[in-house]
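Heads up: the structure comes next, in structure tokens.
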There are 2 protein chains.
Amino acid sequence: MKLATYKDGSRDGQLVVVSRDLSTAHYATGIAHTLQQVLDDWNFLAPQLEDLSHTLNLGKARHAFPFEPARCMAPLPRAYQWADGSAYLNHVELVRQARGATVPESFYTDPLMYQGVSDEMLGPCDEVRVPSEDFGIDFEAEVAVVTGDVPMGATPEQALDGIRLVMLANDVSLRQLIPDELAKGFGFVQSKPATAFSPVAVSLDELGPAWDGGRLHLTLQSTWNGRKVGLCEAGPEMTFHFGQLIAHLCKTRNVRAGSIVGSGTVSNKSVDKDGRPHWPKGYSCIAEKRAMETILDGQPSTGYMKFGDHIRIEMKDALGQSVFGAIDQTIAPLA
Amino acid sequence: MKLATYKDGSRDGQLVVVSRDLSTAHYATGIAHTLQQVLDDWNFLAPQLEDLSHTLNLGKARHAFPFEPARCMAPLPRAYQWADGSAYLNHVELVRQARGATVPESFYTDPLMYQGVSDEMLGPCDEVRVPSEDFGIDFEAEVAVVTGDVPMGATPEQALDGIRLVMLANDVSLRQLIPDELAKGFGFVQSKPATAFSPVAVSLDELGPAWDGGRLHLTLQSTWNGRKVGLCEAGPEMTFHFGQLIAHLCKTRNVRAGSIVGSGTVSNKSVDKDGRPHWPKGYSCIAEKRAMETILDGQPSTGYMKFGDHIRIEMKDALGQSVFGAIDQTIAPLA
């Protein structure tokens with residue numbers, strides 16, 4: 001099933017079930033008002049939503065209406081946890097290589113992860129409001145999962161069983177604020193503002209064979225100002241799968257229902273062409289493009305995003321059908 | 001007024017109003033079921049709770065019952081945000097001096113702050129469960145505030161207006177896991193497990209003149225295994241007041257109702273005695289005691305907490321009355 005949250009003026013919005021082809025939707029009223037309620041009581045409420053989803057996909061839901069992504073909040077408009085990993089080591093390798101640094105050996109066994117802000121998540125079409133262009137505004141196209149309860153000390157395999165839903169995320173980053181916060185060692189407070197999520201959150205059964213071993217084997221498209229800059233494979237090069245990321249998170253604490261765990265920037269390795277590296281899949285954040293330029297030419301030539309810039313992040317299935325709907329945002333100054 | 005959340009088997013518990021002297025309580029049913037509900041709609045609901053509080057303090061509430069801190073969850077059993085500052089620079093100075101490092105000048109103008117786990121908060125008398133004693137189990141006695149909505153870009157003075165309630169916190173730290181996470185720069189994911197909070201959250205008017213300029217001018221008592229180890233003044237040596245901490249947090253994002261912001265370990269400067277530093281106020285975390293020992297003797301002699309150890313954190317007013325009730329926890333292995 002596919003679930004979304006419609007804006008209704010409240011902080012948590014209104015839960016809707018969306019058809020597989022994203023054409024129609026139906027309020028979940030009578031089953032649950034919010035997605036958090038469903039996650040809190042998954043075994044009881046999810047089957048009821050599955051039934052509604054089935055009826056909707058058959059075109060037999062009596063109060064169905066056309067689905068409009070622009071009316072969506074994030075599937076979880078506020079969450080009790082947003083922990084974002086850096087599961088594609090190629091991203092870390094690229095950025096470090098560009099600044100002449102190596103990747104510590106431990107990074108291949110111990111995931112990088114930061115605790116992000118979760119009291120306000122952005123809807124898929126909400127503007128990204130930033131006080132200044134000088135902050136180095138960047139997008140980061142990612143895959144994210146929503147969990148049920150996962151107890152402290154769970155293994156990666158046990159943690160996989162705790163995954164309830166999958167979404168896409170735009171983990172907006174303010175690159176010029178990152179070096180100072182990295183140096184302090186306390187993580188990202190000012191350099192990672194509110195994250196945006198795809199219109200719908202999708203259950204694992206709905207993903208079919210594309211969901212395999214805690215990885216999503218589909219292509220993540222990033223389109224910046226109308227130009228397709230990324231067509232990155234999210235599956236094979238994910239160094240740590242989502243079970244490993246969640247197990248890292250719950251080493252010393254319980255992870256509770258409604259936690260969101262992110263993959264970090266989806267990133268693919270270069271191929272060699274005439275003795276020079278070449279990145280045919282493109283990039284899922286501008287920092288990577290700048291790293292590629294630095295590796296090739298000694299300096300970056302692509303600037304970060306400006307007010308009015310536009311970013312679209314989407315993933316399509318084998319038949320070319322959008323799976324999650326598109327994150328579709330414009331960068332804007334603080335009003 | 002004083003508010004607490006009683007355990008009732010649910011994830012969010014049941015809101016109760018507690019009398020000023022912490023002797024009696026009354027369910028807030030009919031006004032609100034949870035504290036988050038109140039914070040979401042403060043201007044409408046808080047006056048109704050104030051009325052009930054007034055009646056309760058007069059001994060005229062018809063369904064009052066004896067208040068039992070052991071039945072409390074954290075006032076917010078799960079929160080959308082827990083951002084913990086390090087507002088007492090003396091704490092940073094001490095720990096750095098012990099390892100022969102200096103404090104960067106920027107630390108005196110730009111607060112240290114990390115985004116902490118908030119999907120599961122511990123009640124005041126809940127056990128602190130840790131997988132291993134080898135992790136270096138430490139308490140950290142702190143003051144914390146709960147906010148309403150504070151918009152992106154708010155000044156420290158505007159941010160002060162967004163403070164709704166004050167609590168005490170035990171920001172449990174796993175010291176042996178901290179160096180590796182600090183080195184990664186991404187903040188604390190495994191080394192800062194679930195935080196515990198005092199039985200009650202207290203409104204600003206209830207604190208009277210002790211709440212002044214965004215600082216709480218009372219003494220924070222820490223008692224470790226029955227021995228009073230800290231009697232630290234929380235007011236005068238707080239380098240950044242809570243308005244400054246919140247303004248730091250909302251530089252690039254909105255802060256939404258129900259966010260919790262912590263002060264970091266309350267810490268007082270040494271005094272000179274016979275040419276050696278002396279800390280008459282004691283300490284609010286063991287890491288500080290070990291830093292003091294290292295400064296005096298070249299090495300620490302106090303070990304971290306063991307299973308079965310006990311920590312009590314409390315604050316009393318000018319008349320010796322407990323303001324927030326006591327955090328009163330035992331360290332225990334993972335069941």
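I'd like the Kirkwood hydrodynamic radius of the stretch A:276-331, using the inverse of the mean 1/r over distinct C-alpha pairs, in Å.
After inverting the pairwise mean of 1/r, the radius is 13.4 Å.
Got the B:Arg276 label distances to the other copies yet, label 7 Å along Cα→Cβ, in nm, shortest first?
So the label point of B:Arg276 gives 6.7 nm to the other copies.
About its Cα centre, what dipole magnitude does the stretch A:282-335 give when the only charges are +1 on Lys and Arg Cβ and -1 on Asp and Glu Cβ, stated in debye to the nearest 20?
80 debye
Okay, helix-only estimate at 222 nm for chain A: each DSSP H run of n ≥ 4 adds -39500 (n - 2.57), divide by all residues, round to 500 deg cm²/dmol; what do you get?
-5500 deg cm²/dmol
Could you tell me the calculated FRET efficiency between A:Glu293 and A:Leu334, based on Cβ-Cβ distance and R0 = 22 angstrom, to the nearest 0.05?
The value I calculate is 0.15.
How would you classify the protein assembly as shown from its alpha-carbon gyration tensor, with a ≥ b ≥ c the square roots of the eigenvalues: rounded for a/c under 1.5, else prolate if a/b is greater than b/c, otherwise oblate?
The shape class here is oblate.
Using the Cα centre of the protein assembly as shown as the reference point, and only Cβ charges (+1 on K/R, -1 on D/E), how large is the resulting charge dipole? Debye, rounded to the nearest 20.
Charge dipole, the protein assembly as shown, about its Cα centre: 0 debye, nearest 20.
Would you mind giving the mean number of other chain beta-carbons within 10 Å of the Cβ of each residue in B:108-120, as a whole number?
6
For B:Ser23 paired with B:Asp317, estimate the spin-label separation in nm (one decimal), with each label point 7 Å from Cα along the Cα-to-Cβ line.
A separation of 1.4 nm, rounded to one decimal place.
Note every residue of the stretch A:122-153 with a reduction of at least 50 square angstrom in accessible area, all protein chains present versus the isolated chain, computed with a 1.4 Å probe, or write none.
At a threshold of 50 Å² (probe 1.4 Å), the residues of the stretch A:122-153 that become less exposed are A:Met152.
For B:Ile295, go 7 angstrom from Cα along the Cα-to-Cβ vector, then report the distances to that same point in the other copies in nm, smallest first.
4.7
Starting from the Cα-Cα distance between A:Lys60 and A:Ser132, subtract it from 0.36 nm times their residue separation and give me the gain in nm to one decimal.
Fully extending the segment from A:Lys60 to A:Ser132 adds 21.0 nm.
With +1 on each Lys and Arg Cβ and -1 on each Asp and Glu Cβ, and nothing else charged, work out how big the dipole of the stretch B:32-113 is about its Cα centre, in Debye to the nearest 20.
360 debye
Using 5 Å bins from zero, what percent of all Cα-Cα pairs in the stretch A:1-144 falls into each bin?
All Cα pairs, binned at 5 Å, distribute as 2, 8, 14, 16, 15, 13, 10, 9, 7, 4, 2, 0, 0 percent.
Got a number for carbon plus sulfur as a percent of the stretch B:142-186's accessible area, 1.4 Å probe?
52 percent
Could you run the numbers on buried accessible area between A and B, total for both chains, 1.4 angstrom probe, in Å² to the nearest 100?
For chain A against chain B, roughly 4800 Å² becomes buried.
Report, to the nearest whole %, how much of the accessible area of the stretch A:74-124 belongs to carbon and sulfur atoms, 1.4 Å probe, protein only.
Ligands and nucleic acids excluded, carbon and sulfur reach 49 percent.
Given the pairs B:Lys273/B:Lys306; A:Lys228/A:Lys289; A:Lys289/B:Lys251, which are separated by over 21 angstrom at their Cα positions?
B:Lys273/B:Lys306; A:Lys289/B:Lys251
What residue of chain A has the nearest C-beta to the axis that moves A onto B, and what is that distance in Å, given as a whole number?
Taking the axis that maps A onto B, the answer comes out as A:Gly187, 1.
Once you average over the residues of A:247-259, how many Cβ atoms of partner chains fall within 10 Å of each Cβ?
Mean partner-chain Cβ count within 10 Å for A:247-259: 5.
Could you tell me the accessible area of A:Glu105 in Å² (1.4 Å probe, neighbours in place), rounded to the nearest ten?
Here the residue's solvent-accessible area equals roughly 140 Å².
Tell me the carbon and sulfur percent of the accessible area for the stretch B:281-321, rounded to whole percent, probe radius 1.4 Å.
So the carbon and sulfur contribution to the accessible surface is 47 percent.
With the other protein chains left in place, how much accessible area per residue, in square angstrom, belongs to chain B at a 1.4 angstrom probe?
For chain B, the per-residue accessible area is 37 Å².
In the stretch A:181-205, which residues become less accessible by 50 Å² or more once every protein chain is in place, relative to the chain on its own, using a 1.4 Å probe?
Buried-area filter returns A:Lys184, A:Gly185, A:Phe186, A:Val189, A:Gln190.
Any idea what the relative contact order of the stretch B:232-335 is, in percent, if you count C-alpha pairs under 8 Å spaced at least 6 apart?
After rounding, I find 17 percent.
Going by average Cβ density within 10 Å per residue, which order do the peptides B:76-84, B:2-10, B:126-134 take, highest to lowest?
Peptide ranking by packing, descending: B:76-84, B:2-10, B:126-134.
Testing the spin-label approximation: label points 7 Å from Cα along Cα→Cβ at B:Leu204 and A:Arg276. State their distance in nm.
A separation of 6.0 nm, rounded to one decimal place.
The values are calculated or read from the model by the stated rules, or taken from the named source; none is laboratory data. Since the structure is predicted, the reported quantities are computational estimates derived from the model, not experimental observations. Counting neighbours? That spans all protein chains shown, and the Cβs are built from the backbone with ideal geometry, glycine included. Surface accessibility is based on the protein's heavy atoms, side chains included, excluding ligands, DNA and RNA. Shrake-Rupley method; radii C 1.70, N 1.55, O 1.52, S 1.80 Å.
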